[in-house]
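K.L.:
Can you keep this structure in mind? I'll have questions shortly.
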Amino acid sequence: MNPGAIISIGDAAKAAGLTVKTIRYYEEISLIPKAGRTNGGAHTGGNRVYTEADVGRLRFIHHARLFGLALADIRELLALADSKGCPGKQPEYREILGRQLREIDERVRHLLGLRTAIEALMAPARRSKDHPFKGHVGIRPDARTRAVATCLWTACLDT
């Protein structure tokens, strides 16, 4: 994109890896400023136009969403950039990203627990030929607070 160039919402969407609908939503919730318009403005039906800086902001938002950041966190990072310059140099930046890492770690722990439970269900002892309701399972914590897979069917609870 040429510096100083003005592009349409469709071209901005392509350049940022977003949809037109998403850009309009971000404008609606004030995550991005209201776009400039051609032909006299919004009241006369002018088309939205975007600058290189606008596309850069949209790319930042897109990448932050790919990292799983919530819109509130993205808003905070954008406010840091607007008021203090590069957010990467601010302690709040590390705090937000650190919080995101902790959330990711928690999800990974949960998924690993589910994996362990599913592997336990697939163990040879659980694959008895006379088990009439194979596959109908639930997960309950055991005494060591680890997940244990158990069948939920009443007919299987006594086995």
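K.L.:
Tell me, which strands (runs of 3 or more DSSP E) lie completely within the range 42-157 with 1 or more residues that are modelled with pLDDT under 95 and closer than 26 Å to residue 5 by Cα?
P.N.:
Values: elements: 48-50, 137-141, 147-151.
The strands (runs of 3 or more DSSP E) meeting that bar are 48-50.
K.L.:
Another question, then. In this structure, is residue 23 farther than 23 Å from residue 97 by Cβ and modelled with pLDDT under 95? Break it down into steps so the answer makes sense when it comes.
P.N.:
On the way: farther than 23 Å from residue 97 by Cβ: yes; modelled with pLDDT under 95: no.
Criteria not met by residue 23.
K.L.:
Taking the condition on the phi < 0 side of the Ramachandran plot and in contact (Cβ under 8 Å) with a residue 40 or more places away in the chain, does residue 66 pass? It would help to see each step written out before you state the result.
P.N.:
Values: on the phi < 0 side of the Ramachandran plot: yes; in contact (Cβ under 8 Å) with a residue 40 or more places away in the chain: no.
No, not satisfied.
K.L.:
Test of understanding: among 23, 32, which residue is over 15 Å from the mean Cα position of the chain (by Cα), among the β-branched types (Val, Ile, Thr) and in a loop (DSSP other than H, G, I, E, B)?
P.N.:
Numbers: 23 fails: in a loop (DSSP other than H, G, I, E, B).
Of the residues listed, the single one that is over 15 Å from the mean Cα position of the chain (by Cα), among the β-branched types (Val, Ile, Thr) and in a loop (DSSP other than H, G, I, E, B) is 32.
K.L.:
Being touching a Gly at 6+ places or on another chain (Cβ under 7 Å) and either of a type in the set (D, E, K, R) or touching a residue at least 24 places away in the same chain (Cβ under 8 Å) (or both): is that true of residue 37 here? Lay out the reasoning, then the answer.
P.N.:
Working: touching a Gly at 6+ places or on another chain (Cβ under 7 Å): yes; either of a type in the set (D, E, K, R) or touching a residue at least 24 places away in the same chain (Cβ under 8 Å) (or both): yes.
Judged against the criteria, residue 37 is a match.
K.L.:
Please go through the range 91-100 and pick out each residue that is surrounded by 11 or more Cβ atoms within 10 Å (Cβ to Cβ) and not β-branched (Val, Ile, Thr).
P.N.:
Of all residues in the range 91-100, those surrounded by 11 or more Cβ atoms within 10 Å (Cβ to Cβ) come to 92-97, 99-100.
92, 93, 94, 95, 97, 99, 100, listed by residue number.
The values are calculated or read from the model by the stated rules, or taken from the named source; none is laboratory data. Just so it is clear, the structure is predicted and the values come from calculations on it, not from any experiment. Glycine gets a Cβ as well: all are built from the backbone with ideal geometry, and neighbour counts include every protein chain shown.
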